[in-house]
Amino acid sequence: MYNNAARGRGIAMKQDPESLERDNDIAIDHMGDRVAMLRKITSGIHDEAESHHRLLDEIGGSMGGVGANLQQTMAHFNKVFVENKNGRQFCFMVGGITFVVFLLYQLGLG
């Protein structure tokens, strides 16, 4: 194994400096192409991340509005059905009627 590495170095030493320079230029050009490709990929990833960030901001804003509306609805619900005795009676009446209709429906099918 050592002999193969030494032989490889010997071949490289025997090449003229111009061919080594040419090989280095080719390798640098190839590396430059890879860097350009990676730059395009990372730019695309950055643009996509920015797009998702804007979308999440918009969704967060609309969800905040939904949360505020839900809090208002719960406040109205509590005012009508929990704090007001008539509202509680109305809720029990609607639940009772729903139960009776469901019971009659089940008995009619059976």
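The values are calculated or read from the model by the stated rules, or taken from the named source; none is laboratory data. Just so it is clear, the structure is predicted and the values come from calculations on it, not from any experiment. Please note: Cβ atoms are built from the backbone with ideal geometry, for glycine as well, and neighbour counts cover all protein chains shown. Side chains included, ligands, DNA and RNA excluded: accessible areas come from the protein's heavy atoms. Shrake-Rupley method; radii C 1.70, N 1.55, O 1.52, S 1.80 Å.
So here's what we get for this one:
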read-out: Karplus-derived HN-Hα couplings along region 27-43 (A = 6.51, B = -1.76, C = 1.60, θ = phi - 60°), whole Hz, x at Gly and Pro; value: 5, 5, 4, 4, 5, x, 4, 5, 5, 4, 5, 5, 5, 4, 5, 5, 5
read-out: Phi-based couplings in Hz for region 17-25 (Karplus 6.51, -1.76, 1.60; Gly and Pro marked x); value: x, 5, 5, 5, 5, 4, 4, 5, 4
read-out: Low-density loop positions, GluC sites (Glu not before Pro), region 42-97 - DSSP coil, at most 16 other Cβ in 10 Å; value: GLU83
read-out: Accessible surface of LEU109 - all protein chains present, 1.4 Å probe, nearest 10 Å²; value: 120
